[in-house]
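Colleague: Take this structure first; my questions come after.
Computed from the coordinates by the stated procedures, all read-outs in this text should not be read as laboratory data. Bear in mind the structure is a predicted one, so any value in this text is a computation, not a measurement. Quick reminder, even Gly has a Cβ in these numbers, built from the backbone with ideal geometry, and neighbours come from all protein chains shown.
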Amino acid sequence: MSDELARLLDELERALVQSGRLPFARRLLVKEEEAMGLLDRLRAAVPEEVRRARQVLREREQILEQARRQAQRIAEQAQQEAAMRLEEQGLLEEARKRSEQILEEARREAGRIRQGADQYAREVLMEIEARLSQAQNELRETMGRILASVRKGLAELEGEPAEEEEE
């Protein structure tokens, strides 16, 4: 309700309250000119209120229409997004399968490489073992000759006849 309409209704109420009463009747004595003036002003104010109410209704309808359109756009976007996600999910599933294939190929290749590395390490270690064994034998022979030479030198120093070197 507008301020003008509320003010006019308050003024009418005051006029009625200040009016005189007929004794033993529930009737008021109202100044006709004052009452008619207030009614005219009320009639003039009511169309303004009606115009404002219509404006509010139009605005309400516009807001509702905007809300309907927005709801429709949101629903369409949701459908598009759902379709995209389903498509993405299909792509993701395909990518997952491909990644599993790649991983399996990598595992197989890693197994082959590991076997090759193990074989290489085995060959290198066997070669090292053979060389160490050969070096050990050569060292034994050399140590034997050195020991025989030391014994011979000791024997000569002590005046004993030298023993023949064993080989």
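Colleague: Which FRET efficiency value, to the nearest 0.05, is calculated for ALA78 and GLU4 with the Förster distance at 35 angstrom and r the Cβ-Cβ distance?
Modeller: Numbers: r = 48 Å, r/R0 = 1.37.
Efficiency computed from Cβ-Cβ geometry: 0.15.
Colleague: Over segment 3-158, what is the relative contact order in whole percent, taking alpha-carbon pairs under 8 Å and six or more residues apart? The partial results should precede the final answer.
Modeller: Working: 28 pairs, mean separation 20.5, N = 156.
Once normalised by length, the contact order is 13 percent.
Colleague: Continuing with this model, one more query. Please report, in debye to the nearest 20, how large the charge dipole of segment 28-68 is about its Cα centre when each Lys and Arg carries +1 at its beta carbon and each Asp and Glu carries -1 there. Before the final figure, lay out the partial values.
Modeller: On the way: 9 positive and 9 negative charges, 57 e Å.
For segment 28-68, the charge dipole is close to 280 debye.
Colleague: Quick one: Cα centre-to-centre distance for segment 22-40 and segment 70-113, in angstrom?
Modeller: 84
Colleague: Please give me the summed charge of the neighbours of GLY111: other residues whose Cβ is under 15 Å from its Cβ, Lys and Arg +1, Asp and Glu -1. Before the final figure, lay out each step's value.
Modeller: Working: positive: ARG107, ARG108, ARG112, ARG114; negative: GLU104, GLU105, GLU109, ASP118.
Local charge sum for GLY111: 0.
Colleague: Still on this structure: Residue separation times 0.36 nm, minus the C-alpha to C-alpha distance between GLN70 and ASP118: what's the value?
Modeller: Numbers: separation 48, 0.36 × 48 = 17.28 nm, distance 6.80 nm.
Here the answer is 10.5 nm.
Colleague: May I pose another question? Which percent of Cα-Cα pairs in segment 68-116 sits in each 5 Å bin, short to long?
Modeller: Whole-percent P(r) values from 0 Å outward: 6, 18, 11, 12, 9, 10, 7, 7, 5, 5, 3, 3, 2, 1, 0.
Colleague: Could I ask something else about it? Which GluC sites (Glu not before Pro) from segment 1-92 combine a DSSP loop assignment with at most 15 other Cβ atoms within 10 Å? It would help to have the intermediate numbers written out before the result.
Modeller: Numbers: sites: GLU4, GLU11, GLU13, GLU32, GLU33, GLU34, GLU48, GLU49, GLU59, GLU61, GLU65, GLU76, GLU81, GLU87, GLU88; in loops: none.
Hits after loop and neighbour filter: nothing returned.
Colleague: Using every Cα-Cα pair within segment 3-158, state what percent have a distance larger than 20 Å.
Modeller: Working: 9845 of 12090 pairs.
Within segment 3-158, distances greater than 20 Å cover 81 percent of Cα pairs.
Colleague: Calculate, in nm to one decimal, what GLN18 and GLU105 gain on full extension: separation in residues at 0.36 nm each, minus their alpha carbon distance.
Modeller: Extra length available between GLN18 and GLU105 comes to 21.0 nm.
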